[in-house]
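Input: a single structure, listed below in structure tokens.
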Amino acid sequence: MDFRDLRYFEVIAAEGNLGRAAERLFRTQPALTKCIDRLEADLGAQLFEKSGRHMRLTAAGTALLARAKRLAIMVEDTSRELQEHASGLRGTIRVGCVPTLAEHLMPAVLQDLLAEAPEVKLDLMVAMNDPILRALREGQLDLVVGPVVDNDEELESEQFAEDVVVVMASGEHPIFAGEYTLRDLQAYKWILPATGVASRQFLDQTFERNGLPRPQVQVESNVLNMILPILEKTPLLGFMTRFNLLSGRANVREVALPETTMRRRLGLTFRRTGYISPVMQRLSAILRARGGDLSGDGEGEV
């Protein structure tokens, strides 16, 4: 099986049309047809079903596509390893990071890394956990810094810190006028991330387990750096990491309740079969050291 045929097959599968694939690959349609014929002859299985001009993968084609993507990642990793073997702390590293750690951890980490490796280039993707893990699986990233992933055949995680997510409100919020319970939080509206985010799911499930309606969301946003100013200026409640209490950026306080305290493990996540370059190994060591300095247990008003 020719690896170039596999690369062409991957593009044909993505486009679902020989004409578009030919334009993208700068090849003729007959050349791509011969590519498919060779693969089908080698494998003894039909890879595509045709419907007019559209080409749809068969079950065998779907299985081959998954394997082809893994092979492409392995070939890319091998090429990078050979090129970087003698170059030391150089090259490009592609890192995905959740917003909390991008703000509270990465500046100090990059300070250390660039002092040791001034020639390194960093491609940093800051996003929620699901998109960056998907990019890691697809070979677009080399490392993810975020919540630990458990029991995954493709990915392996190593914990370096713990984060604590709690309910927060303006320092002048009326909730602090006296004692409060989980039920008292029902009197206020919230600013929360989308329903697919783990912290939102935890909070929703906490209220449901206690026989209460889910929090009434007035503002839904995944842009975390705008949540603190909104909490400070409004009577909304939010659900954020305690790291924000340590930053001193806004007059907010923790609405302390055991039921709404969410602990999550933070760490480094790699592909199990991925290549880890020398500079990536050094970055990982710095992340472990700096991650150990994080503390999510700060309490009180800031």
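Every read-out reported here was derived from the displayed coordinates using simple, explicitly stated rules and does not represent laboratory data. The model shown is predicted, which means the values in this text are computed figures rather than measured ones. No Cβ is skipped: glycine too gets one built from the backbone with ideal geometry, and neighbour counts run over all protein chains shown.
Each DSSP beta bridge with both residues in the chain is either parallel or antiparallel, and the antiparallel ones are about 65%. Charged neighbours of residue 6, selected by a Cβ distance under 12 Å, balance to +2 (K, R count +1; D, E count -1). Restricting things to alpha carbons, find the Rg to Rh ratio for region 3-83 using the Kirkwood radius for Rh. Ratio of gyration radius to Kirkwood radius: 1.00.
Neighbours of residue 160, meaning other residues whose beta-carbon lies under 14 angstrom from its beta-carbon, give a summed charge of -1 when Lys and Arg score +1 and Asp and Glu score -1. Of the options (1) 15; (2) 37; (3) 19, only one is percent of Cα pairs over 36 Å apart as computed from these coordinates, and that is (2). Here's the picture: a label point sits 7 Å out from the Cα of residue 69 along the beta-carbon direction, and within region 11-45 the residues with their amide nitrogen under 15 Å of it are 11-16.
Using Cβ point charges alone (K and R +1, D and E -1), the dipole size of region 87-172 about the Cα centre works out to roughly 400 debye. Ranking 143, 197, 52 by how far each Cα lies toward the positive end of the dipole of the chain (charges on Cβ) leaves 52 at the top.
Residues 227, 36, arranged from fewest to most other Cβ atoms within 10 angstrom of their Cβ, appear as 36, 227. Can you bin region 57-209 into rounded, prolate or oblate? Criterion: square roots of the alpha carbon gyration tensor eigenvalues sorted a ≥ b ≥ c, rounded for a/c under 1.5, prolate for a/b above b/c, oblate for the rest. Judged from the Cα gyration tensor, region 57-209 comes out oblate (a/c at least 1.5, b/c at or above a/b). Once you put a point 7 Å from the Cα of residue 111 and another 7 Å from the Cα of residue 177, both along the Cβ direction, what distance in nm separates them? In this crude label model, residue 111 to residue 177 measures out at 4.3 nm.
What does the charge count near residue 47 come to, summing +1 for each Lys or Arg and -1 for each Asp or Glu among other residues with Cβ under 15 Å from its Cβ? So the environment of residue 47 carries a net charge of -1. Taking every alpha-carbon pair under 8 Å whose residues sit at least 6 apart, region 87-302 reaches a relative contact order of 32 percent. With a 10 Å Cβ neighbour count serving as the proxy for reagent exposure, in which order, fewest first, do 8, 180, 188 appear? Arranged by neighbour count, lowest to highest, 8, 180, 188 become 180, 188, 8.
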